[in-house]
Structures are given as structure tokens and as C-alpha cells.
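Read the structure below first, then the notes.
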Amino acid sequence: SKWYICPVCGNTIWSSGEGTFSCCGVHLIPASAEQPDEAHEIHVQRVEDEWYITLAHPMTKTHAIRFLTYVTCDRVQMVRLYPEQNAEARFSRRGSGRIYAYCNRHGLFEIRTAP
């Protein structure tokens, strides 16, 4: 998986491989996912057949988690987040995968889930 995020408008593109993308006149490079630090810790809770994802993170107009995504071998589920709402989402559980959170100031964070 590759993520391309426009630094101007925040438009997000997911690609299953390499590509060439631009937005707002800017050539986009793939975002590198990092392990979450303490300020971007991703909490995952299993609730029946769903993953409930939360982050204790500011959600202001200038500093917020912009999306949460759950990627498995055959699916991509994404929830766009907006300022003033909680940084949380529910995803249908489909085995092991990766959960991504994107902070507009600090970048892309990733954790793995077990089946």
C-alpha cells in the first residue's frame, strides 16, 4: 500500500502500488508510515465483529487526525475525520491487517492487527 497526501488541501490517494500523482499543482510522493509515538498512540478494541479504533489526539482545525484506515489483503476501509469530532472509527474485522492514522502535522502512523 502507498499513501499520497496533498500538503495543500489534504486530498488522500491510496494506491496498491507505485504511481505518479499530483494535486493542487504539487507532485505527490508516497507518505512513509511510522510506528505511533505516545502522542499518536492508536488504541484498538475488539467489539464483536468490529475493530473500534480510538486516539487521544487534538482535533482542532490546525491539528487533527484526518483519516483512519484498515487495510487487509483484499479490502481497504477508510473513515475521513473532521475537526471538533472524536478521533475514532469502527471497521468490520477481516483477519489480520494494518491500521493507519494520519495526523496533518506529524504524518502517517501504522500498527498491525492480529486475526
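So the values come out like this:
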item	result
Simple Cβ-charge dipole of region 13-115, Lys/Arg +1 and Asp/Glu -1, about Cα centre, in debye nearest 20	220
Convex hull projection area averaged over all views, region 29-71, Cα basis, nm²	4.3
Sequence-distant residues sharing a close amide H with Arg93 (under 5 Å, placed H)	Glu50, Trp51
Cleavage-rule hits, trypsin sites (Lys or Arg not before Pro), region 64-115, DSSP coil, Cβ neighbours within 10 Å at most 15	Arg75, Arg105
Relative contact order for region 65-115, counting Cα pairs under 8 Å that sit 6 or more residues apart, in percent	38
Accessible area of the chain belonging to carbon and sulfur atoms, whole % at 1.4 Å probe	46
Calculated from backbone phi, Karplus (6.51, -1.76, 1.60) coupling profile of region 2-19 in Hz, x at Gly/Pro	10, 10, 10, 10, 6, x, 8, 10, x, 3, 10, 10, 9, 10, 7, x, 5, x
Value of D in µm² per second that Stokes-Einstein yields for the chain, Kirkwood Rh from Cα pairs, at 37 °C (0.692 mPa s)	226
Phi to ³J(HN,Hα) by Karplus 6.51 cos²θ - 1.76 cosθ + 1.60 over region 83-98, Hz, x for Gly, Pro	x, 6, 10, 6, 7, 8, 7, 10, 10, 5, 6, 9, x, 6, x, 10
³J(HN,Hα) computed for each position of region 28-44 - Karplus, 6.51 cos²θ - 1.76 cosθ + 1.60, integer Hz, glycine/proline x	8, 10, x, 6, 9, 7, 10, 6, x, 8, 4, 6, 10, 5, 9, 9, 10
Solvent-accessible area per residue, Å², over the chain with all protein chains present [probe radius 1.4 Å]	59
Amide H contacts of Thr113 (H built 1.01 Å from N, under 5 Å, at least 5 apart or other chain)	Gly97, Arg98, Ile99
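The values are calculated or read from the model by the stated rules, or taken from the named source; none is laboratory data. Quick caveat, the model's predicted, so the values are computed rather than measured. Neighbour counts are summed over all protein chains in view; Cβ atoms, including those assigned to glycine, are modelled from backbone coordinates with ideal geometry. For accessibility, only protein heavy atoms count, side chains too; no ligands or nucleic acids. Shrake-Rupley method; radii C 1.70, N 1.55, O 1.52, S 1.80 Å.
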